[in-house]
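Since the structure comes first, as structure tokens, the remarks are kept for the end.
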Amino acid sequence: MKVVDKLVDIQNKIDASCERVGRDKSEVTIIAVTKYVSNERAFEAVEAGIVHLGENYEDGLLMKQEVLGDKPIWHFIGTLQTKKVKKIINKIDYLHSLDRLSLAEEIQKRADHPIKCLIQVNTSEEDSKHGIAKENVIGFIQELQKYDTIEIVGLMTMAAFTEDKDEIRRCFRELKSLQTEIIKLELLKTPFKHLSMGMSNDFEIAVEEGATMIRIGTSLVGE
Ligand SMILES: *Cc1c(COP(=O)(O)O)cnc(C)c1O
């Protein structure tokens, strides 16, 4: 199936989810996750009108950028190894996986401009998932204040890996409530509006719960 056709289907589902909860669909940005697909398929996504692309490996990102250039808005969504920061940090527009102070320190050393970062939160409490425990996020944000290359723009999570829709919804709802709490505390001077949550299998729930960025691989660009 062509990416354009899949995109229409996803957009319809986003519209329906927004309608169910009274959200404006313009608040939701689709990030096409191209990690599994060829350069040609990623190019097809761009041709279909997709502006935001996501990659989760450093080398994959560099390879795709070589072909697609810097016209797309690039999101790094995977765990970023400290030693690879210098290779990619000035080539991305958003980092979705800020999850430790040592990473922030390395970014501070290597970035030549402020980098838009989302803090990855482990809402599922599964050990295998990366991200900071909910209760540590506020302290983490306070510690990040000293880094002037870290511009915190939101939170990211991956929901529990389960068929249980209530459990998935709980993960997304917790991210939203954490965002609300942080905004109330007025810890940040910059807008803190993004919630990066929802993938192929659960983006409709994520949109209902307030996602502003959904990261879609398989069901959008999958071949
Ligand atoms: C691969 C990946 C996605 C997209 O997953 P799909 O299920 O293929 O939509 C989203 N977020 C992260 C962090 C990923 O690694």
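Every number here is computed from the coordinates shown, using simple stated rules; none is lab data. Small disclaimer: the values here were computed from a predicted structure and weren't measured. Backbone-built Cβ (ideal geometry, glycine too); neighbour counts: all protein chains shown.
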In region 46-53, is there at least one residue being touching a residue at least 24 places away in the same chain (Cβ under 8 Å) and at positive phi?
yes
Is one or more of the residues making up region 174-194 within 16 Å of the ligand (Cβ to nearest atom), surrounded by fewer than 19 Cβ atoms within 10 Å (Cβ to Cβ), within 20 Å of Ala133 (Cβ to Cβ) and of a type outside the set (Phe, Trp, Tyr)?
no
Of the residues in region 212-223, those that are within 16 Å of Ser38 (Cα to Cα) and either near the ligand (Cβ under 9 Å from one of its atoms) or among the aromatic types (Phe, Trp, Tyr) (or both) come to Ile216, Gly217, Thr218, Ser219, Leu220, Val221, Gly222
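Please work out if Glu167 is over 27 Å from Ile50 (Cα atoms) and either surrounded by 15 or more Cβ atoms within 10 Å (Cβ to Cβ) or within 10 Å of the ligand (Cβ to nearest atom) (or both).
Considered against the rule, which asks whether it is over 27 Å from Ile50 (Cα atoms) and either surrounded by 15 or more Cβ atoms within 10 Å (Cβ to Cβ) or within 10 Å of the ligand (Cβ to nearest atom) (or both), Glu167 comes out as no.
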Listing of helices (runs of 4 or more DSSP H) fully contained in region 72-153 that carry 3 or more residues being away from the ligand (no atom under 15 Å from the Cβ) and aliphatic (A, V, I, L, M)
101-110, 137-144
Among (1) small (Gly, Ala, Ser); (2) under 22 Å from Phe76 (Cβ atoms); (3) part of a helix (DSSP H, G or I), which single condition is Ser26 missing?
(2)
Note on Glu209: of the conditions (1) of a type in the set (D, E, K, R); (2) within 21 Å of Ile132 (Cβ to Cβ); (3) touching a Lys or Arg at 6+ places or on another chain (Cβ under 6 Å); (4) within 13 Å of the ligand (Cβ to nearest atom), unmet is (4)
Mind checking which residues of region 195-206 are more than 7 Å from the ligand (Cβ to nearest atom) and either of a type in the set (D, E, K, R) or out of contact with any Asp or Glu (no Cβ under 9 Å at 6 or more places or on another chain) (or both)?
Ser196, Asp202, Phe203, Glu204, Ile205, Ala206
Find all pairs meeting these conditions: Cβ atoms under 7 angstrom apart; at least six residues apart or on different chains; first residue within region 9-22 and among the small types (Gly, Ala, Ser); second residue assigned to a helix (DSSP H, G or I) and surrounded by 14 or more Cβ atoms within 10 Å (Cβ to Cβ).
Ser17/Glu204; Ser17/Val207; Ser17/Glu208
Please find, within region 31-59, the residue that is nearest to the chain's Cα centre (by Cα) out of those that are crowded, with 17+ Cβ neighbours inside 10 Å, more than 10 Å from the ligand (Cβ to nearest atom) and not hydrophobic (A, V, I, L, M, F, W, C).
His52
